[in-house]
Every structure is written in C-alpha cells, then in structure tokens.
1. With θ set to phi - 60°, apply the Karplus curve 6.51 cos²θ - 1.76 cosθ + 1.60 along segment 247-252 and write out the HN-Hα couplings as whole Hz, x wherever there is a Gly or Pro.
2. From the helices alone, meaning DSSP H stretches of at least four residues, give me the mean residue ellipticity at 222 nm for the chain, per-run term -39500 (n - 2.57), in deg cm²/dmol to the nearest 500.
3. I need the calculated FRET efficiency for the pair ARG73 and THR27, taking r as the beta carbon distance and R₀ as 25 Å, to the nearest 0.05.
4. Among LYS11/LYS31; LYS112/LYS161; LYS31/LYS184, which pairs are too far apart, with a Cα-Cα distance over 21 Å?
5. What's the extension gain from GLU277 to GLU175 if we count 0.36 nm per residue and subtract their Cα-Cα distance?
6. Between VAL247 and residues 5 or more places away or on another chain, which pairs have amide H atoms under 5 Å apart, with H built 1.01 Å from N, and which residues are they?
7. Can you tell me the length gained on complete extension of the stretch LEU203 to ARG19, counting 0.36 nm per residue apart and subtracting the Cα distance?
8. Specify whether the C-alpha gyration tensor of segment 328-391 places it in the rounded, prolate or oblate class, a ≥ b ≥ c being the square roots of the eigenvalues: rounded for a/c under 1.5, otherwise prolate if a/b is larger than b/c and oblate if not.
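Laboratory data are not the source of any read-out in this text; all were calculated from the coordinates shown. The model shown is predicted, which means the values in this text are computed figures rather than measured ones. Ideal geometry is used to build each Cβ from the backbone, glycine not excepted, and the neighbour counts take in all protein chains shown.
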Amino acid sequence: MAMKSTNGRIKACFIGGARYGQPLDTTSAKKFAALTTLGELFVIGVSQDLSPRRFTEQAHFYLLPKLPLPLLRYAEMFLLTPFLALWLIMRHGVDVLVAQSPYEGFAAAWAKKLAGWLGQCVALVVESHGDFEASLFLQRRIILPRLYCFLMRQVAGFSLKHADVLRVISQSTKEQLERQSPGKPVVQFPTWTDIDVFLQAGLSSENHSLQDILYAGVLIPLKGVHHLINAFTSIAKDFPQARLVVVGSEENGSYTADLKDQVARYGLGGRVQFLEEIPQANLAKRMRSACVFVLPSTSEGLGRVVVEAMAAGTPVIGSDVGGIPEMVKDGVTGFLVPPKDESTLADRLRWVLEHPEEAREMGSRGREFAKTFLSTEAYFEGYKQIFEASQTGR
C-alpha cells in the first residue's frame, strides 16, 4: 500500500510527454490550480525547446529537453525519467506516480520498482487517453512495424502489470485496458479542457458562418483530414462560398505536405486554409463562427475537441469511433459517420450547408450536453477518486 505523506496530503508526480512553457499557458495553469487542492504536485514533462527547465508554478515542473526525433525522445523518457522520478520519491516524498500512457508507465513502473528495493512504497496510476495499441501506427510511418509492435506490447504490459489504479477517458479505452489488465480498479473521466472559454464563446450573439467548415487538431494520418478534404472537394462546386479551415500543429511534416499537395491538385488553394495551432480563446471564437466542426478521425480515445465545439454551440460531425459516440447523438446533437466514409461525410456536410437553421438548433442541443459533460469539478473529483484508490491495499 502506498503511504501518505507525513502531513497527510498526497504527493503525486505526473509523468508524460506533454510540453510546457514558462509561464504556463492559461489552460494548464487552471488545470494544476484545481489539482493542487488535492496535494503537492510534481510534473515530469518536456520543454518546448532543447533546454531542460525546472520551475514551480502551481506544481513543481521538471522538463526534459525536446529532442528532435521521436526515437530520441523515447530513449530520453525511458532512460532518464525512472531516475528523476526515483529522486523525487526519495528527496521529496512522492507517493503516487501518474503515468499518462502505458508507455510513459514503463518509466514510472521502473521508478516504482527501484523505490521498492530502497524501502519506499509508491502507488502507480497508469492512464490511457486513446488506442495505445494502434494509434501510433496511424500517426506516422514506422520502420520494422512488427518489431516495433512487439516492443510496444512488452513495454505496455510491464507498466500495466505494475499499475495499482487505471484511469481511462472513455468506454472504449476502458474496455481496452480491462482486456489488457483485468481485475484492477478503473476510474473513468474525460481529459482536461478549459470548457469555460468555449461556453463563453457560445454566449456570443455572433451568427454562425454559412461558409466555414472547421477542423482543429494535430495533423497526423489518424485524424483523417485527407478524407475531409476529399469530402469537401466533392461538394465545393455546389457551395462556392464554402471554405474549409484546418487548424493544427504539423506533428507529421510529410503528412501535412501531402495535405497541401492534395488541395493544390484539386485547385482549391483559395478555398482551404491551413492555420497553425492557436490559443484556446481564439479557437473558441473560430468554433463559434463556423457552420460546422468536423473530426474525421480513424481512431480516437475521446475527441474532446468535439465537446469543445459543442460548448460553443456549433454542430459537429464526428467519426463513429472511440469515445466520439459517447458525446454525439446522431441526428440530435450532431452526426456520426463511419471512419474513412467520404461519401457519407460529404452528404452530412451538404445537409449542414443546405439547412443552416436546423444545424444551429442541433448546435444548441449539443451545447446543453457539453455544459454537464466537461467541468473542472468532474475533473477534480476524478483525480480525488484516483488518489483515494491509490491509498487502499492492493
């Protein structure tokens, strides 16, 4: 059993590949401000550049340098993080490790084992925010995929074996973890989002555009943006004022280049706009002004950006995968389409453009759902339950 700190408050260390800047962005600051009421927090993450950083803002941050290649970043996480986490356990009394995927969980599990050999009992929480078995292969081209898959299974299996509590964000991620690690306590609640900024945008009197179709998210193959471009192409001539706006960071440079080449081949350079990742307040305004938000993913843990758009009062179209059906009621608060089904996606886009009033009513119904689905209080209660579960006997 993990022991509480001597002052009775949890000391938890979050371990993951998330990138942080100093000062924290508004959304991260709100998140950690909420969680610090539960205990003292430490974060092992990644810097936004090649410089390692250490600072305290709501939590104590220890940021590894952002190395240029994924393989180097994995090596950094697996080789350095266990010893950094062990130092936090021994020096600062950390008693709960929270790994934000089964792969970061490998490093956390080794820190737990090392601490145990030194007489310190630590609880391990392993989270899953998506299909950890398949999603990586949908993000980028992998050399020697069979070997890579074997190694990933070993890494994930090791972390899940040593986990004391599991945290999931949707029913689909829960079912996957329960198959991999049956019998362990599972806590389910959505990922953090600053939902207030989207709800506030939804109060705007500004009318939805009759022309902007919006996507927001990282630009990687599993997000299916190429399918969205094909669907848009098939209706573009019938709606000459319609535009497709793609907002997101270029996590996969070759895929992003392919998307832009795709747009150029179709002669839609003036109808498709690519924007870099923008602050959430600006994204909320974009969502409010769009006529529809589309998430055409082929794999998705939850797809919180869907409920963010719903909070802004915008109708949504999402793939019928992962946790998206838990948020979108087909034909009521939005539309669900089979993944990769460009024809059905085009039909739903056409309906939204031809029925703006009905689409706005759909967006209003989605907004009512979003008000209760995501909240700071639910996020707080979720981690409170996790920390309480981590203190019980195993």
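1. Working through the residues one at a time gives 10, x, 7, 8, 5, 10 Hz.
2. Values: 13 runs with 172 residues, N = 394.
Helix contribution divided over all residues of the chain: -14000 deg cm²/dmol.
3. On the way: r = 23 Å, r/R0 = 0.91.
The computed FRET efficiency comes out at 0.65.
4. Values: LYS11/LYS31 16 Å; LYS112/LYS161 12 Å; LYS31/LYS184 27 Å.
Checking Cα-Cα distances, LYS31/LYS184 exceed 21 Å.
5. Taking 0.36 nm per residue and subtracting the Cα distance, the gain is 33.6 nm.
6. Placed amide hydrogens put TYR215, ALA216, GLY217, LEU275 under 5 Å from VAL247.
7. Result: 63.1 nm gained on full extension.
8. Working: a/c = 5.64, a/b = 2.18, b/c = 2.58.
Oblate, because a/c is 1.5 or more while a/b does not exceed b/c.
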